[in-house]
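**Q** For reference, the structure I am asking about is given below.
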């Protein structure tokens, strides 16, 4: 893996684990730096940009956090460019929780 891929993979793994523990502060900070609007309503995060709205439910299993997280950070076409990375992060999450 290239350095970017490894760093991004590590970040996604960390964020998924945090979101499953209902700790969204790092993600909220990152999304706001990207210019997104983030609203928290209980265990639901609503992420809005000019072109999309994504939702993340806090407290879900780490693996279940990954797809909405990728949509929030990269956008709805994340599977086009990052499908292999997605699979690698899933494996990384499974290693972390086991």
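Yes/no per residue for (1) farther than 19 Å from residue 25 by Cβ; (2) surrounded by fewer than 19 Cβ atoms within 10 Å (Cβ to Cβ); (3) at pLDDT 95 or above; (4) under 11 Å from the mean Cα position of the chain (by Cα):
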site: 43; (1), (2), (3), (4): no, yes, yes, no
site: 49; (1), (2), (3), (4): yes, yes, no, no
site: 52; (1), (2), (3), (4): yes, yes, no, no
site: 56; (1), (2), (3), (4): no, no, yes, yes
site: 59; (1), (2), (3), (4): no, yes, yes, no
site: 67; (1), (2), (3), (4): yes, yes, no, yes
site: 76; (1), (2), (3), (4): yes, yes, no, no
site: 94; (1), (2), (3), (4): yes, yes, no, no
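**Q** Right, here's the next one. Among (1) within 17 Å of residue 82 (Cβ to Cβ); (2) loosely packed, with under 14 Cβ neighbours inside 10 Å, there is one condition residue 35 misses while meeting the rest; what is its number?
**A** (1)
**Q** Between a residue in the range 69-98 that is farther than 11 Å from residue 12 by Cβ and any residue that is surrounded by fewer than 12 Cβ atoms within 10 Å (Cβ to Cβ), which pairs come within a Cβ distance under 8 Å, given they are 6 or more apart or on different chains?
**A** The qualifying pairs are 75/51.
**Q** Let me ask something additional. Quick check on the range 1-32: of everything there that is within 23 Å of residue 88 (Cα to Cα) and touching a strand residue (DSSP E or B) at 6+ places or on another chain (Cβ under 9 Å), which residue is surrounded by the fewest Cβ atoms within 10 Å (Cβ to Cβ)?
**A** Applying the filter and picking the extreme gives 24.
The values are calculated or read from the model by the stated rules, or taken from the named source; none is laboratory data. Quick caveat, the model's predicted, so the values are computed rather than measured. Glycine gets a Cβ as well: all are built from the backbone with ideal geometry, and neighbour counts include every protein chain shown.
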